[in-house]
Amino acid sequence: MKSPLLSLPGAVPAEGVDEGVAAHYGDLFREQRALADGTGFVDLSHRGVVTVTGDDRLSWLHLLLTQHVSDLPVGRATEALVLSANGHIEHALYLVDDGTTVWAHVEPGSQEALIAYLKSMKFFYRVEVADRTADTAVVHLPAGSIARVPGSAAVRETPYGRDVFLPREELEAFAAEAGPAAGILAHEALRVEHHRPRVGFETDHRTIPHELGWIGTAVHLQKGCYRGQETVARVHNLGKPPRRLVFLHLDGSEVHLPPNGAEIRLADDGPDGRKIGFVTTSVRHHELGPVALALVKRSVPVDARLMAEETAAAQETVVEP
């Protein structure tokens, strides 16, 4: 979905998975500071939107997702994952129930695969699953924002701000009232600052929730059976995940940021040392400078000096070893 807000002054299109919205509107740091101050909004209208309706929607989703949602109160935001049979992360859903409908936004382009899985598990339950991406745009209002939300929109209220499920035809009018617009790069910088993982960035084909700190926030350990639960329970009760998420402070003298997938080695081992992890997301933050999230082996000492390709990096623990 190509956003009409790409026509706003200064808009520079994003690339890759975030194609379709603006990377920035001409001043990355100003946009970050605005969001941190609780002003402006972020156009997330490229994200997939999935709804579930019907009397059994919450009890049915409770059987399929990692989160406890059978008694989810109306208007309470939550996060949930869909795992493979081996416990690897496939989807992350950011959802809310408005009393008649569960609204969820997911990674751009992933909604078709998610819907196919959900429909395959429908059986006799009284539920209907729909792809609402074509008629619904997601926008993000930062914490502290006093922007007015139309009554036609469903809203997820989180500690980081409000995710608004807006009728797509209202997007331009909303932007005119809620501005200034901030690009996806500003949104990503604050996501990294808050150590929040994102599917497709902090995950690969073998990532389990424990590695990213999703236990508790997106995975409920006392709920009933769901696909992949055996792995979740076994790692939680009997072992440790093989990798852990870390936050990196990168050498600010480097011109280029290490890209997603950049290999991480111990600084003391030199450039020929063995790979002990990889960068998942790197950004330039308006206060912290160049920073990144990364996955490293659990055995890496928490005080070890690291190198992300040619860039020196100091780590902060996100997930305990």
*Bin all alpha-carbon pair distances of the stretch 38-94 at 10 Å intervals from 0 and give each bin's fraction as a whole percent.*
18, 45, 29, 8, 0
*About the Cα centre of the stretch 132-265, what is the dipole size in debye to 20, counting +1 per Lys and Arg Cβ and -1 per Asp and Glu Cβ, all else neutral?*
720 debye
*Report the percentage of all Cα-Cα pairs in the stretch 54-198 whose separation exceeds 17 Å, rounded to a whole percent.*
64 percent
*Label point distance in nm, residue 84-residue 29, each placed 7 Å from Cα along Cα→Cβ*: 4.2 nm
*So what is the accessible area of the stretch 1-133 per residue, in Å², with the probe set to 1.4 Å?*
42 Å²
*Assign unit charges at the C-beta atoms only (+1 for Lys and Arg, -1 for Asp and Glu), then state the dipole size of the stretch 118-211 relative to its Cα centre in Debye, rounded to the nearest 20.*
360 debye
*asked:* How large is the translational diffusion coefficient of the stretch 160-205 in µm² per second when you combine the Kirkwood radius over alpha carbon pairs with Stokes-Einstein at 10 °C and 1.306 mPa s?
replied: 123 µm²/s
*Rg/Rg_ref, the chain, where Rg_ref = 2.2 N^0.38 Å and atoms are Cα*: 1.01
*Kirkwood hydrodynamic radius over Cα pairs of the stretch 80-137, then Stokes diffusion coefficient at 25 °C and 0.890 mPa s, in µm²/s*: 195 µm²/s
_Restricting to bridges with both residues inside the chain, how much of the DSSP beta-bridge set is antiparallel, in percent to the nearest 5?_
95 percent
*Can you give me the Cα centroid spacing of the stretch 272-291 and the stretch 1-44 in angstrom?*
22 Å
*Under 24 Å from the Cα of residue 275 - lysines, other chains or at least 8 residues apart*: 240, 297
_Helix-only mean residue ellipticity at 222 nm, the chain, DSSP H runs n ≥ 4 weighted -39,500 (n - 2.57), per residue, nearest 500. What is it?_
-5000 deg cm²/dmol
*asked:* Report the Cα-based extents of the stretch 9-60 along its three principal axes, largest first, to the nearest Å.
replied: 47, 27, 16
*Size of electric dipole in the chain: Cβ of Lys, Arg +1 and of Asp, Glu -1, about Cα centre, debye, nearest 20*: 920 debye
_Among DSSP bridges having both ends in the stretch 52-193, what percentage is antiparallel? Round to the nearest 5._
95 percent
*asked:* For the stretch 171-239, report the % of Cα-Cα distances exceeding 13 Å.
replied: 74 percent
*From the residues 194, 166, 62, which one has its Cα farthest along the dipole of the stretch 57-216 in the positive direction, the dipole being from +1 and -1 charges on Cβ of Lys/Arg and Asp/Glu about the Cα centre?*
62
*Label-point separation (nm) for residue 288 and residue 128, each offset 7 Å from Cα along Cα-to-Cβ?*
4.4 nm
*In the stretch 72-91, which residues have a backbone nitrogen under 19 Å from the label point lying 7 Å from residue 206's Cα in the Cα-to-Cβ direction?*
83-91
*Please work out the FRET efficiency for the pair residue 317 and residue 176, using the Cβ-Cβ distance as r and a Förster radius of 51 Å; give the result to the nearest 0.05.*
0.75
*Positive end of the charge dipole of the chain (Lys, Arg +1 and Asp, Glu -1 on Cβ, about the Cα centre): tell me which of 1, 319, 153 has its Cα farthest that way.*
319
*Roll a 1.4 angstrom probe over the protein heavy atoms and tell me the percent of accessible area of the chain that is carbon or sulfur.*
52 percent
*According to a simple spin-label model (label point 7 Å from Cα along Cα-to-Cβ), what is the distance in nm between residue 263 and residue 303?*
2.8 nm
*Which whole-angstrom value gives the distance between the alpha carbon centres of the stretch 167-201 and the stretch 210-258?*
24 Å
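The values are calculated or read from the model by the stated rules, or taken from the named source; none is laboratory data. Treat the numbers as computed from the prediction; the structure is a model and nothing was measured. Note that we place each Cβ from the backbone using ideal geometry, even for glycine, and neighbour counts take in every protein chain shown. Surface areas here come from the heavy atoms of the whole protein model, side chains and all, with no ligands, DNA or RNA. Shrake-Rupley method; radii C 1.70, N 1.55, O 1.52, S 1.80 Å.
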